[in-house]
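The values are calculated or read from the model by the stated rules, or taken from the named source; none is laboratory data. Everything numeric here is computed off the predicted structure, so don't read it as measured data. Positions of Cβ are backbone-derived with ideal geometry, glycine not excepted, and every protein chain shown enters the neighbour counts. Heads up: the accessible areas ignore ligands, DNA and RNA and are worked out on the full protein's heavy atoms, side chains in. Shrake-Rupley method; radii C 1.70, N 1.55, O 1.52, S 1.80 Å.
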Amino acid sequence: MAVEEGLSIEAAEETAHQISHDPWYQVGFVLTTGINSAYVLGYSGSIMVSLGWVAGAVGLVLAAAISLYANCLLARLHEVGGKRHIRYRDLAGHIYGRKIYALTWALQYINLFMINTGYIILAGQALKAVYVLYSNDGDLKLPYCIIIAGTVCALFAFGIPHLSALRVWLGFSTLFSFIYIITAVVLSARDGIKSPPRDYNIPGSKGTKIFTTIGACANLVFAYNTGMLPEIQATVKPPVIKNMEKALWFQFTIGGLPLYAVTFMGYWAYGSSTSSYLLNNVTGPVWVKTAANIAAFLQTVIALHIFASPMYEYLDTRYGRGKGGAFSFHNLSFRVFVRGGYLTVNTFVAALLPFLGDFMSLTGALSTFPLTFVLANHMYLMVKKNKMSSLQKAWHWLNVCGFSLLAAAAAIAAVRLIVVDSRTYHLFADL
């Protein structure tokens, strides 16, 4: 324990944010906030519609098991070479050198940028859904809602200096998640009971089905993984590996139950006509749907802050360390200009290409597969190879090669989907 505390003190000097401060259950709620964010309202449409009952259900459970395994591998590498690695890129750089440090950094920030872009699209969809409940004039279009959502996300980012400062907001996030998940499950169940038999056939031509199936596989891994596990693990109190594994088991057991409930119920109720935002399908009292959409909007604001925190940590540490507390004039003004600028770019891309399912697929392909599965297995192999049997080494190489091929196929499928949707609709589309 004394050694871990020494490593934590050394690591704390490398960052402007707090580390080694949070109990394992707070970290577990951070992870659970990620997997039960408003993205879960899209999994019925983006995963189940493309895969069907058998492949979709098996895929979700299998993806959870594989993701838990890969994340535990990564968590066990948090302290390597007598040093605590509080950033993904630092761990990769320690194992491979400077070039892979830069590549990992690029992959991670592409991953987080696209996740945050998706969150802003989601928040915009939630706002538009509220507007449509009360007016059909079409004046408030999706790009305008996305701009409003981006502005609110920026205001929240100004007031929350670092990941550990979320604290009470994680409780609110859980409450908001329960509101929209319970609403979606209950209203979907009611609609499903009243509706005639649904069509569960996978839509599209044979060629289209191949691409949508590959894209759905990328969505499966996207659903469970953050791409920033070392940064989250940096906040946990020692013993950091044991506590992080507790948080991961919480995420993938209890934390995953709401995701399964809303995904399966939504698909059962609406079949192949399920939309990429489930609350657009459900029918029920206007005030209930309003509350659910507002809850989805507010939870998205909190969840985005989690996934933007590695970028904020880098900028704050590199450029924004000023005297005084987190709310001194220097530090607050720095957050306003720098975080505001970052979220402005996010918001612009979200409004330009508001195709949520496609962003999920592309994020899973370009970064979730490489960061969570390919790199985690290979790094573990590099660090532990002298303690492994030939069979264990072969297993990790199989994971590295298999997930590399899946990542390449999923990237091609996701780019094709974005190109097709861009032709079908247009830039700044009002979906």
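A few points about this structure:
- Electrostatic dipole magnitude of region 123-254 [Cβ: Lys, Arg +1; Asp, Glu -1; Cα centre; debye, to 20]: 300 debye
- With helices as the sole contributors, the chain gives -24000 deg cm²/dmol at 222 nm; each DSSP H run of n ≥ 4 counts as -39500 (n - 2.57), and the sum is divided by every residue.
- With Cα atoms, 0 to 90° folded angle of helix 98-134 axis to the chain main axis: 30 degrees
- Value of Rg to Rh for region 184-228 (Rh from inverse mean 1/r over Cα pairs, i.e. Kirkwood): 1.14
- Per-residue HN-Hα couplings for region 161-171 [Karplus 6.51, -1.76, 1.60; θ = phi - 60°; Hz; x = Gly/Pro]: x, 7, 4, 5, 6, 5, 5, 4, 5, 5, x
- The chain: angle of helix 142-159 to the longest principal axis, Cα-based, in degrees nearest 10: 30 degrees
- Largest first, the residues 61, 383 sort by 1.4 Å accessible area into 61, 383.
- The residue list 215, 173, 193 was ranked by how far each Cα lies along the charge dipole of region 124-238 toward its positive end, using unit charges on Cβ atoms, and 193 comes out on top.
- Rel. contact order, % - alpha carbon contacts under 8 angstrom, at least six apart, region 333-418: 43 percent
- Remark: relative contact order (region 96-234) = 22 percent; criterion is Cα-Cα distance under 8 angstrom and separation of 6 or more residues.
- For region 101-156, the mean projected area of the C-alpha convex hull, equal to one quarter of the hull surface, is 4.4 nm².
- Calculated FRET efficiency for the pair residue 246/residue 99, C-beta based, R₀ 41 Å, to 0.05: 0.75
- Put a plus charge on the Cβ of each Lys and Arg, a minus charge on the Cβ of each Asp and Glu, and nothing anywhere else: the dipole of region 50-179 about its Cα centre is then about 580 debye.
- The overall shape of region 173-273 is oblate: from the C-alpha gyration tensor, with semi-axes ordered a ≥ b ≥ c, the ratio a/c is 1.5 or greater and a/b is no larger than b/c.
- Stretchable slack from residue 395 to residue 69, in nm (0.36 nm times residue separation minus alpha-carbon distance): 116.1 nm
- Whole-Hz ³J(HN,Hα) from phi, Karplus 6.51 cos²θ - 1.76 cosθ + 1.60, for region 217-227, glycine and proline x: 4, 5, 5, 4, 6, 4, 4, 10, 10, 9, x
- As a length-normalised measure over Cα pairs under 8 Å and 6 or more apart, the relative contact order of the chain settles at 34 percent.
- All-pairs alpha carbon distance profile, region 43-82, 5 Å steps from 0, percent: 5, 22, 18, 15, 12, 10, 8, 5, 4, 1
- Förster radius 35 Å - calculated FRET efficiency between residue 208 and residue 427, Cβ distance, rounded to 0.05: 0.95
- Ranking 281, 156, 409 by how far each Cα lies toward the positive end of the dipole of the chain (charges on Cβ) leaves 409 at the top.
- Summed over the residues of the chain and divided among them, the accessible surface reaches 41 Å² per residue at a probe radius of 1.4 Å.
- Solvent-accessible surface (1.4 angstrom probe) belonging to residue 246, in square angstrom, nearest 10: 80 Å²
- For region 370-402 and region 205-274, distance of Cα centres in Å: 22 Å
- Close amide H pairs (under 5 Å, H built 1.01 Å from N) link residue 22 with 236, 237, residues at least 5 positions away or on another chain.
- Carbon + sulfur, % of accessible area of the chain - ligands and nucleic acids excluded, 1.4 Å: 70 percent
- In range of the label at residue 288: residues from region 163-181 whose backbone nitrogen is under 20 Å from the point 7 Å along Cα→Cβ: 175-181
- Taking amide H as placed 1.01 Å from N in the peptide plane, the amide H of residue 353 sits under 5 Å from that of 428, each at least 5 places away or on another chain.
- Each Lys and Arg Cβ is given +1 and each Asp and Glu Cβ -1; about its Cα centre, the chain then shows a dipole of about 640 debye.
- Considering only 385, 289, 141, the Gaussian network model of the chain with Cα springs below 10 Å gives its largest mean-square fluctuation to 385.
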